[in-house]
Amino acid sequence: MTADSPAWAESYGPGVPLRLDYPDATVLDLFEQSVADHPDAPAMDFMGRTTTYGEMADAVSRVARGLRELGVGAGDNVALVMPNCPQNVIAFLAVLRLGATVVQHNPLYTGAELRAPFLDHGARAAIVWDKVVPTVNTLRGDTALKHVVAVDMTTALPWSKRLALRLPIAKARASREQLTGPAPEAIPWKQLASSKPLDGRHPRPGVDDVALMLYTSGTTGVPKGVPLRHRNLVANVTQGRAWVPGLTPGTETFLVALPLFHAYGVTVSALLGLALAARLVLLPKPEISLIMAEIKRRVPTFVPAVPPLYRRIVDEAERTGTSIRGITYSLSGAMPLTAELIDRWEAATGGLLVEGYGLTETSPVVVGNPMSTQRRPGSIGVPFPDVQVRVADPEDPSVDVPLGERGELLVRGPQVFDGYRGMPEETAAVFHDGWFRTGDVVTMAADGFLTIVDRIKEVVITGGFNVYPSEVEDVLRRHPGVADAAVVGLPHADGGEQVVAAVVPAESGAPSSEELREHCQERLTGYKVPRKFYVMDELPTNAMGKVQRREVAALLREA
């Protein structure tokens with residue numbers, strides 16, 4: 001295997017090259033090219049109300065002018081704290097138009113959770129969902145925050161839905177309270193949106209400017225700012241377009257249900273869609289009722305999501321007799337995708353469902369299954385064009401492990417970030433001789449297909465042996481009485497760790513610890529069998545639906 005002829009050279013889908021030419025362009029340039037080529041095409045669709053690319057460009061220009069009048073300039077950070085909605089996408093592009101950096105935040109975070117990132121990035125302006133303005137206002141005083149712009153999402157709805165929200169009935173009142181709220185001491189969004197268009201002579205961003213910053217806590221719990229430059233994001237969008245050559249500019253409909261405060265949602269749902277002049281169907285939250293309503297109205301052609309969401313969609317489609325045929329391409333990430341779910345999804349849609357892999361630090365996608373029948377269930381796929389990978393000894397990352405053995409995945413490519421904001425030690429710890437250490441344990445097959453085994457920092461070491469939680473969880477989920485499971489290590493009296501499991505019982509009821517232990521003993525060597533089993537109603541997950549083992553461990557320690 002060499003850089004010119006890697007192991008995966010013959011594993012790509014039809015028409016996908018190993019090497020690409022990358023435009024000397026910014027994210028803003030990609031959007032403006034779509035505006036020039038497809039000004040009358042629908043850009044955003046929010047519950048049935050559409051905005052064309054031409055209308056969106058005008059809105060971006062006006063909001064950029066409004067932000068400039070608030071003092072936002074090149075190099076500044078501007079916080080966005082809101083769900084998926086048209087104002088979010090417009091604000092994102094308007095910030096970039098000024099050469100400033102977007103910092104996306106989860107709108108459901110508490111003031112305590114937002115404080116550390118705000119202290120770090122020092123944004124003086126924040127554009128915020130009006131429901132959480134009171135929370136963000138608590139950051140005034142001990143952070144640099146000065147201007148809070150309040151966004152009422154309901155103003156982007158179709159007129160009929162806005163009218164329905166005003167009805168003097170309990171259901172309308174409850175819906176209104178979910179979507180909007182009072183925003184004290186805040187500037188209304190309409191003040192920015194009604195500004196004059198930005199002067200075209202205003203300086204534009206450069207490819208090496210930071211376009212987006214997201215915060216990741218990883219396994220340490222300390223929020224780390226991940227700055228992604230325009231060149232990183234444009235590279236990943238270019239790779240994504242090449243990976244799915246069947247996507248046609250100006251004709252696609254993207255379901256944007258993944259949150260835009262997550263790298264996957266931003267790049268794969270929104271930026272790739274904008275670069276293709278696609279219709280972005282924006283959902284404020286990935287609720288199955290909202291998703292099915294949109295599918296009934298217009299079947300999307302491209303659906304990036306996570307396995308639980310695909311399962312809910314296909315379950316609901318079967319339950320209600322709703323056709324989801326026409327969803328041509330679906331890219332899954334964040335957690336393992338089962339062969340059973342792939343078969344059900346592809347039978348129902350007539351399209352393809354493949355698994356990919358990435359991290360916030362890699363913009364995010366670095367590995368994917370071919371978007372063809374060559375995809376391999378259970379594997380995360382092969383490296384994207386121009387991505388190099390190594391499977392190395394976690395204790396000595398300068399040494400590669402033999403093919404087929406477990407090792408840490410190291411990557412490098414044009415979408416990989418340069419380092420954490422203001423954290424040189426943390427940056428040094430995740431890079432080895434120019435290679436980014438993902439912290440994930442993988443195996444590589446002879447044809448380059450990679451399979452994740454676990455995360456290094458979540459491996460349980462018991463009696464000197466490594467136990468990979470995913471392997472034990474997979475065994476537990478095969479028990480008919482287990483709906484879901486999470487395996488973690490807890491401190492043991494001997495100073496080491498013991499393997500324990502949290503299980504969510506199936507509807508039939510919780511199996512006993514003895515049943516589960518026997519089930520595991522039949523399929524696992526002794527040291528891998530959990531010593532204790534805890535029953536939980538549900539497992540803590542992040543916004544993408546991924547189980548957070550660190551939080552499971554904390555809950556079990558308390559128990």
| request: Would you point out which residue out of 443, 427 is open to solvent by 10 Å² or more (accessible area, probe 1.4 Å), polar (S, T, N, Q) and farther than 23 Å from residue 6 by Cβ? | output: 427
| field | Subset tally (residues that are in a loop (DSSP other than H, G, I, E, B) and open to solvent by 30 Å² or more (accessible area, probe 1.4 Å)) for region 357-373 | value | 1
| said: I'd like to verify a number: residues in region 376-398 that are open to solvent by 30 Å² or more (accessible area, probe 1.4 Å) and touching a residue at least 24 places away in the same chain (Cβ under 8 Å), how many? | reply: 8
| task | Scan region 512-527 for residues that are surrounded by 15 or more Cβ atoms within 10 Å (Cβ to Cβ) and at pLDDT 90 or above and report the count. | result | 5
| request: Run residue 369 past the list (1) touching a strand residue (DSSP E or B) at 6+ places or on another chain (Cβ under 6 Å); (2) modelled with pLDDT under 95 and report the number of the one that doesn't hold. | output: (2)
| Qualifying positions in region 453-509 - surrounded by fewer than 16 Cβ atoms within 10 Å (Cβ to Cβ), in contact with a Gly (Cβ under 9 Å, 6 or more places away or on another chain) and part of a strand (DSSP E or B) | 461
| query | Hey, among 344, 325, 311, which residue is at pLDDT 95 or above and either assigned to a helix (DSSP H, G or I) or of a type outside the set (Lys, Arg) (or both)? | reply | 344
| When residue 401 is evaluated against the numbered criteria (1) open to solvent by 20 Å² or more (accessible area, probe 1.4 Å); (2) farther than 18 Å from residue 8 by Cβ, which criterion, by number, is the only one it fails? | (2)
| Based on what the data block shows, is residue 421 touching a residue at least 12 places away in the same chain (Cβ under 8 Å), in contact with a strand residue (DSSP E or B) (Cβ under 8 Å, 6 or more places away or on another chain) and among the basic types (Lys, Arg)? | yes
| field | Which listed residue is within 15 Å of residue 92 (Cα to Cα), in contact with a helix residue (DSSP H, G or I) (Cβ under 7 Å, 6 or more places away or on another chain) and modelled with pLDDT under 95, from 205, 223, 259 | value | 259
| said: Give all pairs with beta carbons closer than 8 Å in which a residue from region 188-200 that is open to solvent by 40 Å² or more (accessible area, probe 1.4 Å) meets a residue that is in a loop (DSSP other than H, G, I, E, B); count only pairs at least 6 apart in sequence or on separate chains. | reply: 188/152
| task | Test residue 336 against the stated conditions and say whether it is open to solvent by 50 Å² or more (accessible area, probe 1.4 Å), in contact with a Gly (Cβ under 9 Å, 6 or more places away or on another chain) and not in a helix (DSSP H, G or I). | result | yes
| request: Answer yes or no as to whether residue 448 is within 24 Å of residue 376 (Cβ to Cβ) and either in contact with a Cys (Cβ under 6 Å, 6 or more places away or on another chain) or at pLDDT 80 or above (or both). | output: yes
| message | Looking only at region 407-452, filter to residues that are in a loop (DSSP other than H, G, I, E, B) and charged (D, E, K, R); which one of those is farthest from residue 235 (Cα to Cα)? | response | 447
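The values are calculated or read from the model by the stated rules, or taken from the named source; none is laboratory data. Worth saying up front: this structure is predicted, and the values here are computed from it rather than measured. Here the Cβ is made from the backbone with ideal geometry for all residues, glycine too, and neighbour counts use every protein chain on show. Side chains included, ligands, DNA and RNA excluded: accessible areas come from the protein's heavy atoms. Shrake-Rupley method; radii C 1.70, N 1.55, O 1.52, S 1.80 Å.
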